[in-house]
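Derivation of every value follows stated rules applied to the coordinates shown; laboratory data play no part. Fair warning: this is a prediction, and the values are worked out from it, not measured in the lab. FYI the Cβ positions are ideal-geometry reconstructions off the backbone, even for glycines, and counts take in every protein chain you see.
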Amino acid sequence: MSTRESPAGKPCGLRERKKARTRLAIRRAAYRLFDEQGYEATTVDQIAAAAEVSPSTFFRYFPAKEDVILSDEYDSALVDALAARPADEPVLLSLRHSMTDSLGLVLEADREELFTRIRLSFTDPGIRARAMDEQLRNQDAVAAAIADRTGRDAAELDVRCAAAAIIAVSMTVMRHWVDGGGEEDLTALYDRQLTVLFEGLRI
């Protein structure tokens, strides 16, 4: 991915690229400090100083400390990828392709940052406690995507359970990837396990 593109592959200007570099500098400084002294012991002031920005600049990019871990710039990637799939394609096949395609963009842009973020979300107690909120948000986003493609209500139990199953597989694959040191092909792992899920868990 070139520096002239956003994470979703869209062209962006000089201002957007500067903002992306600042956000990345803050995130990398935070990851380093979290690794060295733990999430709870690390303050926003320390992160800002390490990234060479002011605390007020930190909060312009991240509303709270945990957002450095739990938020990213790729929230629209899945939606964009899903919108690009053929309208008559079965929804589960569209979701499988969309999730692996959008994940590929994330890996291409910042594989190491993704690995660190996921590892911390599983291993640091302070972050792990907040990760549930993010998991539920992602579940709602997938349910909305399913509803949009099928014309059903995102609040339907069938739709919500389908979304919950997809997110559960996602979390398990991520944990497996991190436990293995990030050596395996994460996109291939996703594709395989989503295929197993969508074929009815015939294992």
For the chain, what does the helix formula give at 222 nm: sum of -39500 (n - 2.57) over DSSP H segments with n ≥ 4, over the residue count, nearest 500 deg cm²/dmol? -24000 deg cm²/dmol
Can you compute the equivalent ellipsoid semi-axes for the chain, i.e. the square root of 5 times each eigenvalue of the Cα gyration tensor, sorted largest first and rounded to whole Å? 31, 20, 16
So for R0 = 25 Å, FRET eff. of K19-D67 from the Cβ-Cβ r, to 0.05, ends up at 0.95
Give the calculated FRET efficiency between Q46 and F122 to the nearest 0.05, with a Förster radius of 22 Å applied to their Cβ-Cβ distance. 0.45
Label-to-label distance, nm, for residues given as L107 and A87 (7 Å Cα→Cβ offset): 3.2 nm
Charge dipole (debye, nearest 20) of the chain; +1 at Cβ of Lys and Arg, -1 at Cβ of Asp and Glu: 500 debye
Once the dipole of the chain is set up with Lys and Arg at +1 and Asp and Glu at -1 on Cβ about the Cα centre, which of S121, T172, L70 lies farthest towards its positive end? L70
Expressed as an acute angle from 0 to 90° and rounded to the nearest 10, what is the orientation of the C-alpha long axis of helix 91-123 relative to the principal long axis of the chain? 30 degrees
Placing +1 on the Cβ of each Lys and Arg and -1 on the Cβ of each Asp and Glu in the chain, which of A147, A81, I47 has its Cα farthest towards the positive end of the resulting dipole? I47
Order by neighbour count: F34, F122, fewest other Cβ atoms within 10 Å first, most last. F122, F34
Angle check, please: helix 14-37 long axis (alpha carbons) against the longest principal axis of the chain (alpha carbons), in degrees 0 to 90, nearest 10. 80 degrees
Between 0 and 90 degrees, rounded to the nearest ten: what's the tilt of helix 157-179 against the longest Cα principal axis of the chain? 50 degrees
